[in-house]
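The values are calculated or read from the model by the stated rules, or taken from the named source; none is laboratory data. Given the structure is predicted, the values throughout are model-derived calculations rather than measurements. Here the Cβ positions follow ideal geometry from the backbone for every residue, glycine too, while neighbour counts run over all protein chains shown. The protein model used for the area step is the full one, side chains on, heavy atoms only, and it has no ligands, DNA or RNA in it. Shrake-Rupley method; radii C 1.70, N 1.55, O 1.52, S 1.80 Å.
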Amino acid sequence: MSRILTALQPSGILHIGNYFGAIEPMVRLQEEGNENILFAVDYHAITVPQDPGDLRANLYYAIATYLAAGIDPEKTILFQQSRVREHTELAWILNCIAHMGELERMTQFKDKAVGKGEAVTVGLFDYPVLMAADILLYDTEVVPVGEDQKQHLELARDLAERFNNRFGDTFIVPEPRIRTQGARIMGLDDPTKKMSKSASSERNYISLMDDEKKVIKKIKTAVTDSEGIVKADRAREGIFNLLSIYSLVTGRPASEIEVDYEGKGYGDFKKDLAGEINTFLAPIQDKITEYLDDKQQLIEILDAGAERAQALAEEKMKVVRDRIGVTL
Ligand code: ADP
Ligand code: TRP
């Protein structure tokens, strides 16, 4: 049994890429009987400007979605990062051993800092240290993340080792588990890039909250090619991606689906695919709406999760404070 931890930014749009790439794998790990920790990182979210009303709504939506996807708050410690103060406390301590140079090398920071000049915030710069605190606080062994987070994970490992060398064995050095390409869904309008909420057009993604009409329209206009043959051929990115989505939402292997469409054109395939996506989304949407209509229930779940997380975090911080010499 491993302690597995991951976290997600609370954002207003979650698409099927987020679902199959990040949320559903956590549900699977929970079923394997690990000790899971999952939280919405609101203090990471505010490293870029957030409207308070939107942030609050996004937090409710994120938590409702994890629950709708099958996260069981009995099996997974589910909470909101800002509710466990130890995250920011440990981040401060780690700030005092982190080097400017190593943070300056973070590619995500460099990407996000573009065009901001001197006005780039300290929070954005410090983002990876808070993430290291998130992980080290809980004696985490395994961190499932996307490829883009690998460098941040390396930093968490370096900070753990540096702290341990300086103050004695305190933190477990976490292992990344980088998700494989398989669960990567590509953009509908541009299958050479991953599906993303920050794409220039809404046609790029299927949001978990898209209604039937929208799904039909988006699939209809999804990029394919002129071959007209439904086949899982990686070189034909558009149709390959649509087949992968078909396979994910139905749980059927692509090789089997191909056979169903032998001798048929993209029209039939796309019509059925839209139908399958809608069938898949309907119960999830119903559950999300149910949770959002009962905020009291969500708050109770988050209270209980924060309490469990805090008990672990506080125990760890007692050791950390003692090691650095502030406990008298
Ligand atoms: P977005 O690009 O839509 O802003 P994020 O970068 O916020 O998505 O990613 C949130 C989580 O979802 C991450 O764990 C990321 O690896 C996963 N994810 C994002 N897009 C995809 C995708 N197209 N396919 C699979 N997983 C994805
Ligand atoms: N930075 C991660 C992302 O954008 C989110 C995150 C914050 C995280 N803290 C974490 C992921 C701790 C794993 C572990 O996807």
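How much area per residue is accessible in the chain when the probe is 1.4 Å and only protein heavy atoms are counted (Å²)?
That works out to 49 Å² for each residue.
Which order do peptides 61-69, 249-257, 304-312 fall in by mean Cβ count within 10 Å, highest first?
In descending order of packing, they fall as 61-69, 304-312, 249-257.
Determine the gain in length on full extension of the stretch residue 197-residue 107; use 0.36 nm per residue of separation and subtract their C-alpha separation, reporting nm with one decimal.
Gain on stretching residue 197 to residue 107: 30.4 nm.
So what is the calculated 222 nm ellipticity per residue for the chain, using -39500 (n - 2.57) for each DSSP H run with n of 4 or more, over all residues, to the nearest 500 deg cm²/dmol? Walk me through the numbers before you get to the answer.
Working: 13 runs with 172 residues, N = 328.
Counting only the DSSP helices, I get -16500 deg cm²/dmol.
Once you've got the GNM for the chain with C-alpha springs shorter than 10 Å, pick whichever of 97, 288, 206 has the biggest mean-square fluctuation.
97
From the C-alpha gyration tensor of region 11-82, pull out the three semi-axes of the equivalent ellipsoid (sqrt of 5λ each), sorted largest to smallest, in whole Å.
23, 13, 10
Of the GluC sites (Glu not before Pro) in region 24-129, which ones lie in a loop per DSSP and count no more than 11 other C-beta atoms within 10 Å? Mind dumping the intermediate values first?
Numbers: sites: 31, 32, 35, 74, 86, 89, 102, 104, 118; in loops: 32, 74.
Those satisfying the criteria are 32, 74.
Taking Cα pairs under 8 Å and at least six residues apart, what relative contact order does region 85-142 come out at, in percent?
59
Which value, in Å to one decimal place, does the Kirkwood hydrodynamic radius take for region 72-132 when every pair of different Cα atoms is included?
That comes to 13.3 Å for region 72-132.
Classify region 2-41 from the C-alpha gyration tensor, please: rounded if a/c falls under 1.5, else prolate or oblate depending on whether a/b exceeds b/c. Don't skip to the end; give the middle numbers.
On the way: a/c = 3.70, a/b = 1.59, b/c = 2.33.
Oblate shape, in that a/c is at least 1.5 and b/c is the bigger or equal ratio.
Pick from 200, 82, 226: which is most flexible by mean-square fluctuation in a GNM of the chain where alpha carbon atoms under 10 Å apart are linked?
Greatest mean-square fluctuation among the candidates belongs to 226.
Per the 1.4 Å probe, what fraction of the accessible area of the chain, in percent, lies on carbon and sulfur atoms?
Ligands and nucleic acids excluded, carbon and sulfur reach 50 percent.
Using only the Cα atoms of the chain, what semi-axes does the equivalent ellipsoid have when each is the square root of 5 times a gyration tensor eigenvalue? Give whole Å, largest first.
So the equivalent ellipsoid measures 38, 22, 19 Å along its semi-axes.
Counting only C-alpha contacts under 8 Å and six or more residues apart, can you give the relative contact order of region 102-202 as a whole percent? Write out the running numbers ahead of the final one.
Numbers: 100 pairs, mean separation 23.9, N = 101.
Value for region 102-202: 24 percent.
How far apart, in nm, are two points set 7 Å out from the Cα along the Cα-to-Cβ line at residue 282 and at residue 46?
About 4.2 nm separates the two model spin labels.
Within region 53-85, report the trypsin sites (Lys or Arg not before Pro) that DSSP leaves as loop and that have at most 14 other Cβ atoms within 10 Å.
Working: sites: 56, 75, 83, 85; in loops: 75, 85.
Here the trypsin sites (Lys or Arg not before Pro) that fit, given the DSSP loop and packing criteria, are 85.
Give, as a single signed number, the net charge of other residues whose beta carbon lies under 14 Å from the beta carbon of residue 35, with Lys and Arg counted +1 and Asp and Glu -1.
Working: positive: 3, 75, 308; negative: 31, 32, 72, 74, 139, 141.
That works out to -3.
Using Cα-Cα distances under 8 Å and only pairs 6 or more residues apart, what relative contact order does the chain have, in percent?
Once divided by the residue count of the chain, the mean separation gives 21 percent.
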